[in-house]
Amino acid sequence: THMLLHCTSARLSSVRLASHFPGRIGNIWRTASSWGPYSQSLSHFPTIHWTVEGSALNCLNQSPKSTNQIHAWIGFETEIPADVRPFHKPQKKGSFGPIFEVNQTPVVVGSLGKEKDDSSTLFGTFSSMISTVSNLPAPSPNDPRAYVISVSQAALNQLGGVSAVSDAFLDALYSDSRFKSKPTDKTKHDISVTINVMNNEGNTHERLSVVTPSTCNGDIFHSVSNKAVVASIVHSHVIAQGKALARDMVNALPNVLTPSAIVSVASALESLHNQSMKLRVLGRSECQELGMGAFLAVAKGSEAEPQFVHLRYVGAPGSEERIALVGKGITFDSGGYNLKTAGSSIELMKFDMGGAASVLGAIHALACLGVAINVDVLVPTCENMISGGATRPGDIVIAANGTTIEIDNTDAEGRLILADALWFAQNKLQSPPHAIVDVATLTGAVVVALGEKISGFYATNEDVSRLTKEASKLSREFVWELPLFSGYKDILKSTLADTKNSGLSRAGGSITAALFLQSFVTTSDWVHLDIAGTAWDSKGSQATGQPVATLVHLVRLLNENRLRKGSQLHSGEES
């Protein structure tokens with residue numbers, strides 16, 4: 001509950017949340033073939049009737065009855081209740097036994113294993129199990145479904161509360177079939193989800209209900225008995241909306257999700273949040289006037305016009321304080337003349353705008369929550385292609401801050417467009433941001449180092465490092481800090497220009513990329529997230545929506561930290 005209360009601004013009531021809770025972006029942008037950069041349905045999720053209650057052991061008898069109900073019990077091996085044990089056959093951790101039937105209701109029993117895993121690893125196992133439950137065949141496939149998820153109290157405590165169930169369930173409900181000839185619609189029917197909190201002491205938890213509407217612009221109905229749990233479910237729904245937008249964008253094909261399509265997404269967000277968002281888009285000529293030579297060098301080989309998106313969320317109109325989120329927006333990366341060849345996953349290089357998708361998803365969620373923070377989202381977006389006019393290896397370009405850059409690798413393009421965006425963040429906003437967070441699918445090196453489950457991050461000081469780790473813990477998205485080791489700066493030295501963009505060294509590739517970006521940052525609080533491994537789920541062949549949740553929490557934590565420092569400074573002056 002302590003964590004859940006931190007998730008949502010204390011000043012927000014449920015009615016306030018509802019008024020800031022518009023729905024899925026849909027039917028706003030279309031290509032000639034009727035495909036868009038986000039899915040066609042009006043809502044990512046159906047209307048969901050959430051019920052949270054508790055009972056002692058007799059979970060099968062006390063769960064609400066439905067003609068189309070699926071019941072799952074999930075807990076540690078040592079906690080299996082007496083009425084469930086007859087249906088349990090020991091399975092490996094994270095799996096379910098065979099489906100049983102009790103009073104014409106399908107029942108599955110799954111084990112989280114023993115109480116040894118840390119909470120993050122445990123949540124991964126739990127999410128996988130919830131996904132399995134959501135895909136179980138229903139007794140009546142064409143009727144509304146009712147899910148009963150019974151979770152042991154000990155497991156729920158270790159997972160972090162009821163939000164673990166709502167987070168996992170909403171994540172499992174996401175689907176994207178818009179590019180199939182016969183798309184499926186998971187939002188066709190309302191869904192009811194009952195979360196049974198099981199315990200062994202005989203206590204019965206207070207029952208509460210929450211209804212999250214499909215379009216998310218109606219009232220959120222709930223019993224007011226436990227506002228912390230209500231807030232946690234609503235917060236889960238908002239984060240899921242932001243993640244779904246990001247996943248839609250990353251999943252989209254490169255002939256659909258173009259730089260101009262990213263502008264359309266930002267424009268749609270501005271329209272949805274017209275009381276708090278303002279969009280400005282710079283084209284090639286405006287970027288030339290500002291001297292953004294690094295960004296434009298990447299765009300030279302493509303027929304698609306480069307776009308520089310500045311989407312401003314004004315959550316605190318009376319304040320000059322702001323945070324900048326910068327997202328890499330390469331909508332397709334061929335590698336340029338350093339061409340990506342067989343085995344380099346060129347067919348997946350549509351996902352190279354994962355940073356752009358995540359910052360747009362995050363600002364959508366922040367606006368839905370109505371947080372009292374000013375946030376500027378900056379997205380330099382273009383394609384990295386080959387043509388007679390494309391940038392060549394060996395060319396020297398001039399960045400917006402005057403730095404001359406020798407391009408020794410055209411496939412190290414992300415850092416070039418981010419360099420000019422970081423300059424813009426520090427010099428062209430209404431006021432300088434007190435913190436900058438950039439997000440990019442930047443290097444293959446970070447995937448080699450950390451795999452596909454952990455994002456690498458770099459921070460300029462211990463304060464922002466601590467806050468990033470805390471945001472990661474709240475979001476249940478893994479991050480790992482890597483060093484800004486100055487001893488590697490020599491790799492980027494150029495005899496002809498101020499710096500090289502790559503250095504062509506495979507050693508410490510993620511670190512040298514971060515050092516290159518750091519050379520364009522003067523703001524004291526800066527975080528760089530390299531999400532090359534985590535933006536895409538190679539096993540499921542789809543986008544993950546990471547790190548939208550981490551960004552939402554990090555923005556709030558950075559703001560709270562700034563306010564706390566200001567309050568301490570003010571108190572010191574008064575004394």
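The values are calculated or read from the model by the stated rules, or taken from the named source; none is laboratory data. A quick note: this is a predicted structure, and the numbers were derived from the prediction, not measured. Glycine gets a Cβ as well: all are built from the backbone with ideal geometry, and neighbour counts include every protein chain shown. Calculation scope for accessible area: heavy atoms of the full protein, side chains included, ligands and nucleic acids excluded. Shrake-Rupley method; radii C 1.70, N 1.55, O 1.52, S 1.80 Å.
Listed values, structure above:
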item	result
Global form of the range 227-304, assessed from the alpha-carbon gyration tensor, a/c cut-off 1.5	prolate
Built amide H within the under 5 Å cut-off of residue 537, gap 5+	542, 543, 544
Per residue accessible area of the range 439-575, 1.4 Å probe, in Å²	46
Loop-located trypsin sites (Lys or Arg not before Pro) in the range 487-530, at most 16 other Cβ atoms within 10 Å (DSSP)	493, 506
Whole-Hz couplings from phi, Karplus 6.51/-1.76/1.60, listed for the range 338-347; x for Gly and Pro	7, 4, 6, 9, 3, x, 9, 6, 4, 5
For residue 480, solvent-accessible area (1.4 Å; no DNA, RNA or ligand), Å²	150
Part-to-part distance (alpha-carbon centres) for the range 233-268 and the range 323-379, which is given in Å	10
DSSP bridge orientation in the range 417-575 - percent antiparallel, rounded to nearest 5	40
Spatially proximal lysines relative to residue 278 (Cα-Cα < 19 Å; intrachain offsets below 8 disregarded)	428
Reciprocal of mean inverse Cα separation for the range 503-562 (Kirkwood radius, Å)	14.0
Evaluated at q = 0.14, 0.19 Å⁻¹: base-10 log I(q)/I(0), Debye formula over Cα of the range 317-389	-0.57, -0.79
In order through the range 171-179: 3J(HN,Hα) via Karplus (6.51 cos²θ - 1.76 cosθ + 1.60), integer Hz, x for Gly, Pro	4, 6, 6, 5, 8, 9, 10, 5, 9
Per-residue ³J(HN,Hα) for the range 388-401, Karplus 6.51 cos²θ - 1.76 cosθ + 1.60, θ = phi - 60°, Hz, x for Gly and Pro	x, x, 6, 5, 9, x, x, 5, 10, 10, 10, 6, 4, 8
Candidate lysines - alpha carbon under 24 Å from residue 180, same-chain residues fewer than 8 apart omitted	188, 243, 350, 539
25 Å Cα-Cα reach of residue 500 towards lysines, excluding residues that sit fewer than 8 places from it in its own chain	300, 328, 340, 489
Other-chain or far-sequence residues with amide H under 5 Å of residue 292's (modelled H)	none
Whole-Å semi-axes of the range 387-530's equivalent ellipsoid (Cα gyration tensor)	26, 19, 13
Whether the range 377-464 is rounded, prolate or oblate, judged on the alpha carbon gyration tensor where a/c under 1.5 counts as rounded	oblate
Principal semi-axes in Å for the range 94-158 [√(5λ), Cα gyration tensor, largest first]	25, 12, 10
Long-range amide H partners of residue 198 with built H, under 5 Å	151, 152, 153
